[in-house]
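Here's the structure, in structure tokens; my notes come after.
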Amino acid sequence: MSEPKILILGAPGAGKGTQSDRIAETFDVEHVTTGDALRANKEMDIGYLDLKYDTPGEYMDRGELVPDEVVNEIVKTALDDADGYVLDGYPRNLDQAEYLDEITDLDVVLYLEVSEEELLQRLTGRRVDPETGENYHVEFDMPDDEDVRERLVQREDDTEDVARERIRVYEDNTAPVVERYEESGELVRIDGERPPDGVWEDVRATIEEAS
Ligand code: AMP
């Protein structure tokens, strides 16, 4: 395999972003993440599509899924431009999974398994450095630098109410996607409830085995 095409699945807070950054660096592939792409375009005018809301941000701040029309387009453009990639945050429902099948072939499908209680704790304690985009956690991982500590912010969708809604939306929409890849025999389950280094050992070994 030249440049691997990797899909990473898991609930919000499962550690997909952290592991994807390491994958991108180690295996020299593009990190394609719909969450970041949409956050950078929260105010984009999608009023012409005549949907429930006129911007992606209005869906995101409520923990709802941004409509497929918008997200599929972002993913198609990003994958067309990449040789190898790690795709994170997509597909989030069965229609998106079908669309993905039409536009690409995957080499590895990883699933990070984390309990609901742990997910909630990770999401509500997460803080982001607005200057670097780096994630921290109020209990487990605060930066040493006081200036960085002071400028940390909470994502608008990491408040407890919205985080709970995101987990519910995940259970309703994305859990069937996990089942689909399980049934096709492609899914590799990884215990995501450990610190990032332990998870990384399994992630790396799985991709190397498939290469
Ligand atoms: P994330 O950073 O992956 O947790 O995504 C944050 C938010 O972006 C989600 O709660 C959704 O509102 C939106 N979003 C990200 N990826 C998708 C997707 N594949 N389909 C629909 N909405 C998405």
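Read-outs throughout are calculated quantities, based only on the coordinates presented, and are distinct from any laboratory measurement. None of the values given here were measured: they were computed from a predicted structure. All Cβ positions, glycine included, derive from the backbone under ideal geometry; neighbour counts span all protein chains shown.
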- Item | Positive-end extreme of charge dipole, segment 92-162 - chosen from L112, T132, V148 (charges on Cβ) | V148
- Item | Summed side-chain charge close to M142 - residues other than M142 whose Cβ falls under 9 Å, Lys, Arg +1, Asp, Glu -1 | -1
- Note on the structure: Relative contact order in percent for segment 1-110 (Cα pairs under 8 Å, 6+ apart) equals 45
- Nearest-20 debye value, the chain charge dipole, Cβ charges on Lys, Arg, Asp, Glu: 300
- Query: Normalised by the number of residues in segment 72-157, what is the relative contact order in percent for Cα pairs under 8 Å and 6+ residues apart?
  - Reply: 19
- Message: Just want to confirm a number: the relative contact order over the chain, from Cα pairs under 8 angstrom separated by 6+ residues, in percent.
- Response: 30
- Message: Using a 7 Å offset from the Cα along the Cα-to-Cβ direction at both V148 and A210, what is the distance between the two label points in nm, to one decimal?
- Response: 3.1
- Here, the chain modelled as identical Cα point scatterers in vacuum has Debye log10 I(q)/I(0) at q = 0.14, 0.18 Å⁻¹ of -0.87, -1.48
- Item | Cα→Cβ-extended label distance, 7 Å offset, between Q121 and I103, nm | 3.7
- Note on the structure: Reduced to Cα centres, the span from segment 135-167 to segment 36-104 in Å works out to 24
- What do you get for Rg/Rh of segment 85-208 when both radii come from the Cα atoms and Rh is the Kirkwood radius? 1.00
- Are there chymotrypsin sites (Phe, Trp or Tyr not before Pro) in segment 128-211 that DSSP marks as loop and that have at most 14 other Cβ atoms within 10 Å, and which are they? F140
- Note on the structure: Taking GluC sites (Glu not before Pro) in a DSSP loop with at most 11 other Cβ atoms within 10 angstrom as exposed, one finds the longest site-free stretch of the chain at 44-130
